[in-house]
Amino acid sequence: METDLSGKVAVVTGASRGIGSHIAGAIYRAGAAVAITGRHQDTLNSAAAKIGDRCRPFVCDQRDPESVREMAQAVMGDLGTPDILVNNAGVGLFGNVVDMTLEQWNKVIETNLTGVFLTTRQFLEPMMRKGRGDIFMISSMSGKKGDPGASAYCASKFGLQGFSQSLMYEARQHNVRVMVLNPSSVEKGRDIGEKSGKGLHLHAADLAETIVHLARMPGRTMIRDMDIYGTNP
C-alpha cells in the first residue's frame, strides 16, 4: 500500500478557496504536484503561493468548453497527465422554482454538471492511456434527496450521480477509478475548531483527508459512493 502520493500529479478544480483549497493542500502535503483551477488569476496565484512551489495555478471557466480545453492542455504540458482529478468546482443558486430564472438554472447546471463532463472528458483519455488514475466527484447529500428552494442544485448533483456511475463502468476497464463523495454541511474556513465531539459540522479538511486516504488505497479497490456526515444533528 502506498504511504504517500510522491511523484503523482493532481488537478483540483475550483481550488482558489473553500473546499477545493483544503483538498489541494492535503494532496500537496501528501507529496503530489497539484494544479488548481479557478476563474480569477489573482486569487489562484494567492492560493497556489500558500500551498507551495509544487502547486500551479490555471485559470479556467468550466462552463466554457474552449477554456477547459486550454486549461487541460496547459496542465498536461506543464505537469503531465494527471494521476488524480478532483471535480470540485461548483455553484449554488437557491430559490423556489416559480422565482428561478432560466439564466440561474443554466448557470448551476452548466457549472455543476456540464462543466464536470467537459473537464473529465479532457483528462479521461490520457488517464486511460496511462492505465491508472483516480477521478473524484465532489457531490452532496443534495444529490440523494431534494430540498425546498434547491431545485437546480439538487438536479445538478442528482445528475452528477448518474454521470459518475456510468463513467465508472467505462473507466474502470482501463484501471481508472471513479469515486463520488457526498458530504453533509461543510465548514470551509480555517480548521481551528474541535476535531471530535457532539454537534460538529464536517470540515473541508476532513473531506480533503478522505480523498488522500482513498487515493492511497491499493488500485484493486474502489469506493464507488461515500456519504460523509458531521456529528451535528
Practice prompt. Select, from MET137, MET100, MET168, the only residue that is among the aliphatic types (A, V, I, L, M), farther than 18 Å from ASP227 by Cβ and in contact (Cβ under 8 Å) with a residue 24 or more places away in the chain.
Written response: MET100
Practice prompt. Go through (1) at pLDDT 95 or above; (2) part of a helix (DSSP H, G or I); (3) surrounded by 19 or more Cβ atoms within 10 Å (Cβ to Cβ) and name the single condition TYR153 misses.
Written response: (1)
Item to complete: Quick one: THR37 ticks every box in (1) among the polar types (S, T, N, Q); (2) within 26 Å of ARG216 (Cβ to Cβ); (3) not in a strand (DSSP E or B) except a single one, so which number is it?
Response: (3)
Discussion item. So if I check each of ASP61, ASP78, ASP42, ASP53, which one is within 21 Å of ALA208 (Cβ to Cβ), charged (D, E, K, R) and surrounded by fewer than 22 Cβ atoms within 10 Å (Cβ to Cβ)?
Written reply: ASP53
Item to complete: Name every residue in the range 6-16 that is touching a residue at least 60 places away in the same chain (Cβ under 8 Å) and either in a helix (DSSP H, G or I) or over 14 Å from VAL75 (Cα atoms) (or both), in order of residue number.
Response: GLY14, ALA15
Practice prompt. Find all pairs meeting these conditions: Cβ atoms under 8 angstrom apart; at least six residues apart or on different chains; first residue within the range 36-60 and closer than 12 Å to GLY25 by Cα; second residue modelled with pLDDT under 95 and of a type outside the set (Gly, Ala, Ser).
Written response: ALA47/ARG17
Item to complete: Hey, can you tell me all the residues within the range 93-121 that are hydrophobic (A, V, I, L, M, F, W, C) and either outside any loop (DSSP other than H, G, I, E, B) or within 23 Å of GLN165 (Cα to Cα) (or both)?
Response: VAL97, VAL98, LEU102, TRP105, VAL108, ILE109, LEU113, VAL116, PHE117, LEU118
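The values are calculated or read from the model by the stated rules, or taken from the named source; none is laboratory data. None of these values were measured; they are calculated from a predicted model. So basically every Cβ, Gly included, is an ideal-geometry build from the backbone, and we count neighbours across all protein chains shown.
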